[in-house]
Amino acid sequence: MPQVMDADRMSRALTRIAHEILERNRGLDDLALVGIRTRGVPIARRIARALKEINGDEVPTGALDITLYRDDLMRHAVGPQPVVRRTEIPFSIDDRKILLVDDVLYTGRTIRAALDALIDFGRPRAIQLIALVDRGHRELPIKADYVGKNLPTSLRQSVQVRLEEIDGVDEIVIEGEA
Amino acid sequence: MTTKAIDRVSGAQSAEAVPATALRSRHLLGIAGLDAGEITLILDTTEAMKEIAARPIKKVPTLRGRTVVNLFFEPSTRTRTSFEIAEKRLSADTLSIATATSSVTKGETLIDTVKNIEAMAPDMIVMRHASSGAPHLLSRICRSAIINAGDGTHEHPTQALLDAFTIREHKGRLAGLKVAIVGDLLHSRVLRSNALLLNTMGAEVWACGPATLMPAGVEQLGLRPTTVVEEAVRDADVVMLLRIQHERMHGHFFPSVREYFALFGMTRERLTLAKPDVIVMHPGPMNRGVEIDSDVADGPFSVILEQVSNGVAVRMAVLYLLAGGAQVHDEGS
């Protein structure tokens, strides 16, 4: 179970992403962060904190649950429905640049669902994608704008992002045979 | 799929019981048969559904391609509208059949009516019927998931769930609360469903009404019966009024509506006996000046219209949770 990122490197990766956001958007005007539940939410909050440390400005931060937009929801004949949790976007996304945050970018289907969900809240000026890990194997034409770490994987492997807020530890590990 | 495990770390904000991961039955026939974990799952899911009503686009694509038939053999405005809105917000295709315009008036039996509707392959049937047990009968012969929207004087599970959700929103919990249910106990499916739910969740439930409207065996429902309204209301956290159901009364249960109001009507004076943060509920339709005074119905303690709003979210939660198991072809609960 090799660890590919520890707490220190995770923190530096998020700080680097914060700098890239500032550079690319020339400041923080009209930006907002939206984390995808579950682990995208604490990552979004950490990036907001990093941006504040660099620039001094607060960036509004929300949480998006994409369960009701999943494309595989009704495809299984039997089985429990995934747990739906609250979406909390306490600001208007109209004409803002939205930074969508997820922990692992894989097939792209979660992001497809998140884009559909976001657009039901209004018409953002732009949506940019932040992924802590990009592990490849895309099934949809989706690409991240900011990546913490590119991680080539095989389909048999799984990538676990663990965060202090949820799992009590900051690390990324790969499980399974290459 | 990403590699994220589905967990519930940031989910329930006030769970008393640990929420179940799924409902065991593919039908919702009543509160009887649901355990505390399943009830908590429905209430937690309702919290997520409630947020959708605040969006600019109040619709999610979850039940796209699913067909839901609302089959109402008894008049209903609130419940039917609530189910229809819930179905539409989840993008299901819906149609509503009221018996006044259906073949039931031509003498068709319930089973034949439903078998004909089933031949058109709906996924779920929401049903209200004047006979207790009608949805249970259908659940044994139908492939579709059945949701009971009120059967005779038996159960009205989604009403009890929306009541519980409303109470939990205000009080943060259900366990340990004193709930006084006052009114026509004998004819009330709302009473039965609420008694079962609130008992399962650990509330103390009082039932108050004239002795003639007290059903036999209320204690078996876990209720504390009384005919003295002051005793029921004293120190109550929740006061729930039930409508006097003239249409189900074939006989004289009390001398007059005025006398009923004098003895049991919820007035501002009576309400002062309850806890200072009491909430007043009514499943509707209200008879002002009979079971509830207008002062109370429109007063600061009333959450009656919140109940109606929450009804949509509760029904969305139930539809969503049942949709997962709607295509199982055997077992029949």
Residue set B:Glu51, B:Glu47, B:Glu84; condition farther than 14 Å from B:Leu322 by Cα and either at pLDDT below 95 or over 19 Å from the mean Cα position of the chain (by Cα) (or both); output residue B:Glu51
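Report yes if B:Glu259 is surrounded by 13 or more Cβ atoms within 10 Å (Cβ to Cβ), over 24 Å from the mean Cα position of the chain (by Cα) and not β-branched (Val, Ile, Thr), otherwise no. Steps first, please.
Working: surrounded by 13 or more Cβ atoms within 10 Å (Cβ to Cβ): no; over 24 Å from the mean Cα position of the chain (by Cα): yes; not β-branched (Val, Ile, Thr): yes.
So B:Glu259 fails the test.
Only one residue in B:Phe264, B:Phe254 is surrounded by fewer than 20 Cβ atoms within 10 Å (Cβ to Cβ) and of a type in the set (Phe, Trp, Tyr). Which one? Let's see the steps before the verdict.
Values: B:Phe264 fails: surrounded by fewer than 20 Cβ atoms within 10 Å (Cβ to Cβ).
When all the criteria are applied, what remains is B:Phe254.
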For the range A:62-76, pairs from a residue that is within 7 Å of another protein chain (Cβ to nearest Cβ) to a residue that is buried (at least 21 other Cβ atoms within 10 Å of the Cβ), with Cβ under 6 Å and 6 or more apart or across chains, are A:Asp65/A:Arg37; A:Asp65/A:Arg85; A:Asp65/A:Thr87; A:Leu68/B:Val60; A:Leu68/B:Thr62; A:Tyr69/A:Ala113; A:Tyr69/A:Ala117
In the range B:215-228, anything hydrophobic (A, V, I, L, M, F, W, C) and either part of a helix (DSSP H, G or I) or at pLDDT 95 or above (or both) is listed as B:Val218, B:Leu221, B:Leu223, B:Val228
Output for Cβ contacts, cut-off 8 Å, separation at least six or different chains, first residue within 7 Å of chain A (Cβ to nearest Cβ) and over 9 Å from A:Thr38 (Cα atoms) in the range B:4-32, second modelled with pLDDT of 90 or more and part of a loop (DSSP other than H, G, I, E, B), reads B:Gly11/A:Val83; B:Gly11/A:Arg85; B:Gly11/B:Pro19; B:Thr21/A:Val83
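Quick one: is B:Gly107 within 10 Å of chain A (Cβ to nearest Cβ) and farther than 17 Å from B:Val308 by Cβ?
So B:Gly107 does not fit the description; no.
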Legend entry - Residue match in the range A:87-103 (condition: of a type in the set (Val, Ile, Thr), more than 8 Å from chain B (Cβ to nearest Cβ), over 30 Å from B:Ile42 (Cβ atoms) and surrounded by fewer than 19 Cβ atoms within 10 Å (Cβ to Cβ)): no
Per the list (1) in a helix (DSSP H, G or I); (2) in contact (Cβ under 8 Å) with a residue 40 or more places away in the chain; (3) of a type in the set (A, V, I, L, M, F, W, C); (4) more than 14 Å from chain A (Cβ to nearest Cβ), residue check on B:Met49 breaks on (4)
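Test A:Thr38 against the stated conditions and say whether it is under 20 Å from A:Arg135 (Cα atoms), outside any loop (DSSP other than H, G, I, E, B) and either at pLDDT 95 or above or not small (Gly, Ala, Ser) (or both). Don't jump to the end; show me each part of the working.
Details: under 20 Å from A:Arg135 (Cα atoms): yes; outside any loop (DSSP other than H, G, I, E, B): no; either at pLDDT 95 or above or not small (Gly, Ala, Ser) (or both): yes.
No: the conditions fail for A:Thr38.
Can you tell me which residue is nearest to A:Val101 (Cα to Cα) among those in the range A:119-133 that are within 11 Å of chain B (Cβ to nearest Cβ) and not small (Gly, Ala, Ser)?
Filtering the range A:119-133 for residues within 11 Å of chain B (Cβ to nearest Cβ) gives A:119-123, A:131, A:133.
Narrowing further to those that are not small (Gly, Ala, Ser): A:119-121, A:123, A:133.
Numbers: A:Ile119: 15, A:Asp120: 17, A:Phe121: 17, A:Arg123: 18, A:Val133: 11 Å.
Restricting to residues being within 11 Å of chain B (Cβ to nearest Cβ) and not small (Gly, Ala, Ser), the top hit is A:Val133.
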Only unsatisfied item for A:Ile54, checking (1) without any contact (Cβ under 8 Å) to a residue 60 or more places away in the chain; (2) closer than 25 Å to A:Val173 by Cβ, is (2)
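Can you list the strands (runs of 3 or more DSSP E) lying wholly within the range A:61-162 that have 1 or more residues being modelled with pLDDT of 95 or more and under 30 Å from B:Gly324 (Cβ atoms)? Even if it seems obvious, please write down each step before you answer.
Details: elements: A:61-64, A:97-105, A:126-134, A:146-150, A:158-162.
So the answer is A:61-64, A:97-105, A:126-134, A:158-162.
Considering only the range B:308-322, state which residues are at the interface with another protein chain (Cβ under 10 Å from one of its Cβ atoms) and either under 14 Å from B:Asp44 (Cα atoms) or at pLDDT below 90 (or both).
First, pick out the residues of the range B:308-322 that are at the interface with another protein chain (Cβ under 10 Å from one of its Cβ atoms): B:316-317, B:320-322.
Listed by number, the residues that qualify are B:Met316, B:Ala317, B:Tyr320, B:Leu321.
The values are calculated or read from the model by the stated rules, or taken from the named source; none is laboratory data. Model, not experiment: these values are computed from the prediction. Reconstructed Cβ throughout: ideal geometry from the backbone, glycine too, with neighbour counts over all protein chains shown.
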